[in-house]
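J.: My structure is below; once you've seen it, I'll send some questions.
The values are calculated or read from the model by the stated rules, or taken from the named source; none is laboratory data. Computed from a predicted model, the values in this text were never measured in an experiment. Counting neighbours? That spans all protein chains shown, and the Cβs are built from the backbone with ideal geometry, glycine included.
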Amino acid sequence: MNAFIEAIGHLPPALIYAVVAAAVLVEMIILVGAFVPTLTLLLTVGALARTGQIDLLLVIAVAGVGAAVGDLLAHRTGLLLSHRLRTGRLGRRIPAAAWNRAEALMTHHGGRAVFLARFLPVLRTLTPYFAGTTHLPYHRIAPYSLTAAFLWASAEAGAGYAAATSLQHILTMSGPVIALVALGAALLWRRYSRPTPRNDSPVRGDSSRPDCDRLPAPTATR
């Protein structure tokens, strides 16, 4: 993970935007898309935007457009291949449960299924294809696809940006906090490490009782 972040950070800004667009598009390829770490990538570039190396709004725009174009291409592919897509060689490699969930989303929600699936890994890859295989017109899903694409990009890149801000704030505050904790610990150690004063004076008996040793010895009576 650290190596990945380091590698992205050393790229020029234009290439970072290109990597984001390509990754989001490749994620929409059946089977291959499951192995594309778009979440990690968007969190990383969001954090880089916090440093000023790249622009957060441009990251969101690039990722959003890439996601919307990916939905469009997936829908066209599903429309072209129809049900052969699911029964073909690549389609059979996808677990039946994943296809069934995509089908259930499309059946119950229609075009809105594309919006909901955008926030669910794997399903966001399959659902636009399934919309095409059911011959649902693209204009029926386009508003949901575009809205979800930019919301998704904003959420994931924005989370990376916010996390970097919080980390920087923590690191800024950590110096004074550590100093205060160290000072408090030193004062407590000094307070409780002092030797307790011992009272070496002899313990006297209770003054309310007569001192039997000082009373005169009784005289014998005849």
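J.: Are there helices (runs of 4 or more DSSP H) fully within region 67-160 with at least 1 residues that are touching an Asp or Glu at 6+ places or on another chain (Cβ under 9 Å) and within 19 Å of Ala22 (Cα to Cα)? List them.
T.: It comes to 123-133.
J.: Tell me whether region 52-66 contains one or more residues that are touching a Lys or Arg at 6+ places or on another chain (Cβ under 9 Å) and modelled with pLDDT of 95 or more.
T.: Yes - at least one qualifying residue is present in region 52-66.
J.: How about region 1-53: which helices (runs of 4 or more DSSP H) wholly inside it have at least 1 residues that are under 28 Å from Arg92 (Cα atoms), in contact (Cβ under 8 Å) with a residue 40 or more places away in the chain and β-branched (Val, Ile, Thr)?
T.: In region 1-53, the matching helices (runs of 4 or more DSSP H) lie at 13-26, 38-50.
J.: Here's a check for you: in region 86-122, which residue that is touching a residue at least 40 places away in the same chain (Cβ under 8 Å) and within 28 Å of the chain's Cα centre (by Cα) is surrounded by the fewest Cβ atoms within 10 Å (Cβ to Cβ)?
T.: That would be Pro121.
J.: Working only within region 63-81, note down all residues that are of a type in the set (A, V, I, L, M, F, W, C) and either over 18 Å from Met28 (Cβ atoms) or buried (at least 23 other Cβ atoms within 10 Å of the Cβ) (or both).
T.: Ala63, Ala67, Ala74
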